[in-house]
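Chemist: Before anything else, here's the structure in question.
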Amino acid sequence: MEFPFLPQLIENFQASGPNSRYLIGICGPPASGKSWLSTRLSESIKHAIGENISTAFAMDAYHFYEKDLQEKGLTPFKGSPFTFDAPAFIDKLIEIKEKPGEIFCPIFDRSIDEPVQNALRILPEQRIVVVEGNYLLTRVFPWNTIKYLLDMTIFLDVNADIQQNRLIQRHMALGKSETEAHEKIKRTDAINTELIRKEKDRADIIFIPKANS
């Protein structure tokens with residue numbers, strides 16, 4: 001089985017009652033594969049239950065826009081906790097959990113490196129939402145409130161060399177040279193990775209992908 005924890009996840013969801021959505025948090029450092037895992041897990045849940053009952057939602061949609069980062073001099077640090085609108089993200093999580101009907105959410109479009117508003121629709125029947133993001137387990141306010149909105153948390157523990165290679169490819173795809181990509185990793189990604197990895201003990205499950213081996 002690709003996800004050994006899936007039967008327990010479904011059992012916990014079925015025991016949770018019908019009055020709120022069940023939120024699964026996937027946390028991990030940048031380029032660890034969170035988007036892949038959230039999408040794959042959501043599809044596996046649908047297949048196991050046999051209904052269109054789950055979807056995925058990403059914290060990256062709450063990046064500040066590039067123009068706002070430029071105005072604040074924060075563009076070089078994009079991806080750090082202070083370059084996200086954490087209160088708006090938390091408010092959306094509360095809405096997703098408590099509102100039973102249709103909900104519109106932003107996405108993050110990596111092709112333009114910007115959020116796109118109202119591009120994701122969560123349907124009323126989608127009672128399981130897989131939420132992915134770097135800082136779901138961070139203990140610093142206001143991020144530290146997120147864990148208590150999540151019904152299950154998973155830390156994606158990616159091999160450091162695999163992560164590094166993915167980050168280089170990601171930054172170069174956005175127009176950076178290889179040297180600039182390494183500088184970006186040193187300036188932000190490496191620091192953020194250290195912060196995120198410190199919190200993995202807060203996760204209910206630590207998932208090590210097969211690609212690590």
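Chemist: Looking only at residues in region 156-194 that are surrounded by 15 or more Cβ atoms within 10 Å (Cβ to Cβ) and in contact with an Asp or Glu (Cβ under 8 Å, 6 or more places away or on another chain), which one is modelled with the highest pLDDT?
Modeler: For region 156-194, the residue satisfying everything is 168.
Chemist: Still on this model: When you scan region 121-163, how many residues do you find that are closer than 29 Å to residue 100 by Cβ and part of a helix (DSSP H, G or I)?
Modeler: Counting residues in region 121-163 that are closer than 29 Å to residue 100 by Cβ and part of a helix (DSSP H, G or I) gives 7.
Chemist: Can you find, within region 195-213, the residue that is farthest from residue 133 (Cα to Cα) among those that are part of a helix (DSSP H, G or I) and at pLDDT 90 or above?
Modeler: It comes out as 201.
Chemist: For region 170-182, how many residues meet the condition of being in a loop (DSSP other than H, G, I, E, B) and either basic (Lys, Arg) or more than 19 Å from residue 34 (Cβ to Cβ) (or both)?
Modeler: So the count comes out to 3.
Chemist: Specify the residue that is surrounded by the most Cβ atoms within 10 Å (Cβ to Cβ); the eligible residues are those in region 40-87 that are of a type in the set (Gly, Ala, Ser) and over 17 Å from the mean Cα position of the chain (by Cα). Outline the logic, then answer.
Modeler: Just the residues of region 40-87 that are of a type in the set (Gly, Ala, Ser), to begin with: 42, 44, 48, 50, 54, 56, 58, 61, 73, 79-80, 86.
Filter once more, keeping what is over 17 Å from the mean Cα position of the chain (by Cα): 44, 48, 50, 73.
Numbers: 44: 18, 48: 16, 50: 7, 73: 8.
Among them, the one singled out is 44.
Chemist: For region 1-120, which fully contained strands (runs of 3 or more DSSP E) count at least 1 residues that are hydrophobic (A, V, I, L, M, F, W, C) and either modelled with pLDDT under 95 or over 27 Å from residue 201 (Cβ atoms) (or both)?
Modeler: Numbers: elements: 22-27, 54-58, 103-109.
So the answer is 103-109.
Chemist: Answer yes or no as to whether residue 130 is out of contact with any helix residue (DSSP H, G or I) (no Cβ under 6 Å at 6 or more places or on another chain), touching a residue at least 12 places away in the same chain (Cβ under 8 Å) and among the aliphatic types (A, V, I, L, M).
Modeler: The answer is no for residue 130.
Chemist: Please determine, by comparing only the residues of region 64-86 that are among the charged types (D, E, K, R) and without any contact (Cβ under 8 Å) to a residue 40 or more places away in the chain, which one is nearest to residue 146 (Cα to Cα).
Modeler: Restricting to residues being among the charged types (D, E, K, R) and without any contact (Cβ under 8 Å) to a residue 40 or more places away in the chain, the top hit is 85.
Chemist: Whether any residue in region 155-169 is over 19 Å from residue 34 (Cα atoms) and either charged (D, E, K, R) or free of Cβ contacts under 8 Å to residues at least 12 places away in the same chain (or both) is what I want to check.
Modeler: Checked region 155-169: no residue is over 19 Å from residue 34 (Cα atoms) and either charged (D, E, K, R) or free of Cβ contacts under 8 Å to residues at least 12 places away in the same chain (or both).
The values are calculated or read from the model by the stated rules, or taken from the named source; none is laboratory data. Bear in mind that the values here come from a model prediction, so they are computed numbers and not experimental data. Note that each Cβ is placed from the backbone with ideal geometry, even for glycine, and that neighbours are counted across all protein chains shown.
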